[in-house]
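Enquirer: Sharing a structure, written as structure tokens. Questions coming.
Since every read-out is calculated from the coordinates, none of them should be taken as a lab result. Worth saying up front: this structure is predicted, and the values here are computed from it rather than measured. Virtual Cβ from ideal backbone geometry, glycine too; neighbours counted across all protein chains shown.
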Amino acid sequence: MRYLAKAAGKAGLDQMEELTGSTVLHVVCEQLADIVMVNTVVEKGADVNAVRNDDKLPLTIIQDKIKTDPENDVLEEIKELLERKGALADWRNYRL
């Protein structure tokens with residue numbers, strides 16, 4: 001994953017899928033929820049505040065997963081990682 005993320009570069013990591021607007025980070029958070037993968041993508045420059053077509057951000061995806069699986073410590077670690085990297089829970093509250 002590290003090599004793929006490096007090869008894609010920031011532009012590739014932040015490219016949005018046409019139908020849903022998902023970025024690589026959205027997919028990693030939603031489908032894999034793996035701390036190593038999330039960290040790799042974030043460290044390679046993925047936008048932690050990319051907004052999907054349904055208004056979901058990577059952090060909100062993880063928060064939703066925590067609601068359905070509150071005992072999963074990995075989800076909590078991912079949440080803390082995203083927050084340390086400046087992830088927002090609601091893009092509408094973003095201030096420049």
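Enquirer: Using 7 Å Cα-to-Cβ label points, what is the residue 19/residue 89 separation (nm, one decimal)?
Expert: 3.1
Enquirer: Exposed loop GluC sites (Glu not before Pro) only (DSSP loop, at most 12 other Cβ atoms within 10 Å): please give the longest stretch of the chain free of them, not including the sites.
Expert: 19-70
Enquirer: Follow-up question, since we're still on this one. Can you find, among 26, 81, 15, the residue sitting farthest towards the positive end of the charge dipole of the chain, where Lys and Arg contribute +1 and Asp and Glu -1 at Cβ?
Expert: 15
Enquirer: Take the chain, connect every pair of alpha-carbon atoms lying under 10 Å apart with a spring to form a Gaussian network, then pick out the residue of 11, 33, 46 with the largest mean-square fluctuation.
Expert: 11
Enquirer: Once you sort the root eigenvalues of the Cα gyration tensor of region 5-49 as a ≥ b ≥ c, which label holds: rounded (a/c under 1.5), prolate (a/b larger than b/c) or oblate (the other case)?
Expert: Oblate.
Enquirer: If you take the square roots of the eigenvalues of the alpha-carbon gyration tensor of region 2-86 and sort them as a ≥ b ≥ c, do you get rounded (a/c under 1.5), prolate (a/b over b/c) or oblate?
Expert: The shape class here is oblate.
Enquirer: Below 8 Å between Cα atoms, with a sequence gap of 6+, how large is the relative contact order for the chain in percent?
Expert: Relative contact order, the chain: 27 percent.
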